[in-house]
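Following: one structure in structure tokens, then a few remarks.
The values are calculated or read from the model by the stated rules, or taken from the named source; none is laboratory data. Computed from a predicted model, the values in this text were never measured in an experiment. Here the Cβ positions follow ideal geometry from the backbone for every residue, glycine too, while neighbour counts run over all protein chains shown. These accessible areas exclude ligands, DNA and RNA; they are computed on the full protein's heavy atoms, side chains included. Shrake-Rupley method; radii C 1.70, N 1.55, O 1.52, S 1.80 Å.
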Amino acid sequence: MQKRWKWWVGLLLSLTLLLAGCGAAKTADNTAASTSSSAQGSAKAAVQTSVPQGTISIKMLDVGQGDAILIQTQEQTVLIDTSDVDERDKLRAQLAKAGVKKIDKVILTHPHADHIGGMEVLLDGSYEIGSIYDNGMPSTSKLYLSYMKKAKARGIPHHALKTGDVLDFGGGAQFKVLSPEESLVQKGQQKGYKHDPNNESVVGRLTFGQFAMLFTGDAEKEAEASIAARYGSELKSQVLKAPHHGSKTSSSAAYLRLVQPETCVISCGAGNDYGHPHKETLKKYAAIHAKTYETDKNGTITITSDGKSYEVKEEKS
Ligand SMILES: [Zn+2]
């Protein structure tokens, strides 16, 4: 009888252990799940804080009224925007000066002529182009349709960028896309949607070690408010690519307070019709004690960083 009692106790104990084991297994599974999600999180964090290799060079090219920014890491060459149709010779000359034959990534912030006008240069067969990225918004612009057709004919991959995408520029440099938001991109696909190309610009934060630069396309106050609400103090960057060529329709005070730039670089043509950069913007930059450079006055502006500090050089062509 005592043996039987012990047998029952043993059975109960085993069942308890088994149940506890199941519980433990479940916990382990949960832990595994949360570990894997935190592993993803840390992988993402690791991506964002990749160890910088060598130096990064960011050239705000002197290409008249428009944007063209050449980024070179140890591994890749990236071009953000291509300036305007009238400035094609300048773009070609600047790329030749920098010894560029191959461009791994071309990022087009939005389909306005002063940003995509130089695509004909890139697609004329003189350069090897890896991939083209844009904001994924359909456009009826002849320039846009023409470059899309040529890129397709040459078999160059085309990707649409949206909030949350991270592009690897090689050498430890990462480009995190902050805008446009996915919901905006979806709205933009609807027939009859009234586009606001400036505020649909690809905006991204480039990090290289402790160095960060914010690329803004022609994003205006509306996009800035949305980006500020989503990213807050994450926007902090030593260098700001002045949005919309220094227009007063951008660089809102609240946005600048979050970015806290030490240096602002403006791409604009001498005596341009728009009066860029506007004096209101220059005043705002001065008020936050940011040093300002303009391609029309300073020529090509080169920012070089080793991932710790950075330096800025002017180069009048
Ligand atoms: Zn523009």
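Hey, can you tell me all the residues within the range 259-301 that are within 23 Å of the chain's Cα centre (by Cα) and at positive phi?
Gln260
Quick one: what pairs do we get from the range 126-140, first residue under 21 Å from Arg88 (Cβ atoms), second of a type in the set (Phe, Trp, Tyr) and not in a strand (DSSP E or B), C-beta under 9 Å, 6+ apart or different chains?
As it stands, the answer is Ile132/Tyr147; Asp134/Tyr144, since those pairs meet every condition given.
Looking at Ser183 and the list (1) surrounded by 14 or more Cβ atoms within 10 Å (Cβ to Cβ); (2) assigned to a helix (DSSP H, G or I), which single condition is not satisfied?
Ser183 satisfies all of (1) surrounded by 14 or more Cβ atoms within 10 Å (Cβ to Cβ); (2) assigned to a helix (DSSP H, G or I) except (1).
Failed condition for Thr304, given (1) open to solvent by 30 Å² or more (accessible area, probe 1.4 Å); (2) more than 23 Å from the chain's Cα centre (by Cα), with all others met?
The one condition Thr304 does not meet is (2).
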